[in-house]
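Quick one: this structure, given as structure tokens, is what I'll be asking you about.
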Amino acid sequence: MAHPLRVKGFAYRRVKNDIRDAADLADLLRMGRLPEAWIAPPQVRELRELVRYRAKLVALRSGLKSQVHAVPAKAGVPIPASDLFGIDGRARLKQTAPAGPYAQRVASLLKLIDGLDAEETLFNGRIAERLRDHTGYRAIQQLPASPPQSRSRSRSHPDDAAARSTPVHRRRYGHCSR
């Protein structure tokens with residue numbers, strides 16, 4: 001349910017219906033006190049569309065990666081790799097992945113992930129191109145590319161620090177690439 005229109009000088013009504021709402025809006029319009037809505041210019045709306053769609057791609061890819069992790073676990077085959085999607089992780093996955101429908105599912109998921117990676121890279125470029133002169137965007141790109149994580153995770157995996165500084169890592173955690 002939408003919130004009642006709150007404008008200074010108009011008290012909240014206990015009785016609500018469309019007729020009273022229309023009368024209040026007409027009164028506000030006559031008095032010149034009807035708040036205006038800001039409609040973003042086309043460039044801002046287009047940028048928002050790019051960023052929203054990129055976020056959808058990242059979310060889809062995250063779900064697919066979770067499925068890849070789940071397939072070997074479901075088949076009872078542990079794979080000792082923290083990153084199954086890098087070169088080493090994919091090689092381990094290929095060597096130790098269960099056969100049959102499990103292997104087919106993993107292969108299919110990896111193809112989809114690769115496709116989403118390519119699409120995300122394309123959208124990263126489009127976003128970066130639109131924001132190349134934006135000072136806030138340039139400032140954010142200077143921040144270190146480490147994901148939000150718990151202290152125990154960072155202490156238990158000290159070798160991951162170098163990997164977290166790469167553009168691939170930045171892409172995985174939903175940050176725009178530089």
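The values are calculated or read from the model by the stated rules, or taken from the named source; none is laboratory data. Since the model is a prediction, treat every value here as computed from it, not as a measurement. Counting neighbours? That spans all protein chains shown, and the Cβs are built from the backbone with ideal geometry, glycine included. Accessible surface areas use protein heavy atoms only, side chains included; no ligands, DNA or RNA. Shrake-Rupley method; radii C 1.70, N 1.55, O 1.52, S 1.80 Å.
Among the lysines, which fall within straight-line cross-link reach of LYS65, defined as a Cα-Cα distance under 21 Å, with same-chain neighbours fewer than 8 residues apart omitted?
Result set, ordered by chain and number: LYS56, LYS74, LYS94, LYS111.
Could you sort the peptides 98-105, 62-69 by per-residue average Cβ neighbour count (10 Å cutoff), highest mean leading?
Working: 98-105: 12.4, 62-69: 15.8.
Descending packing order for the listed peptides: 62-69, 98-105.
To continue, here is another question. In whole Å, what is the distance between the alpha-carbon centres of the range 112-134 and the range 39-56?
13 Å
Let me ask something additional. Along each of its three principal axes, how wide is the spread of alpha-carbon positions in the range 17-138, in whole angstrom units, largest first?
Cα extents, longest axis first: 74, 43, 20 Å.
Compute the accessible area per residue over the range 64-132, keeping the other protein chains in place, probe 1.4 Å, unit Å².
The answer is 58 Å² per residue.
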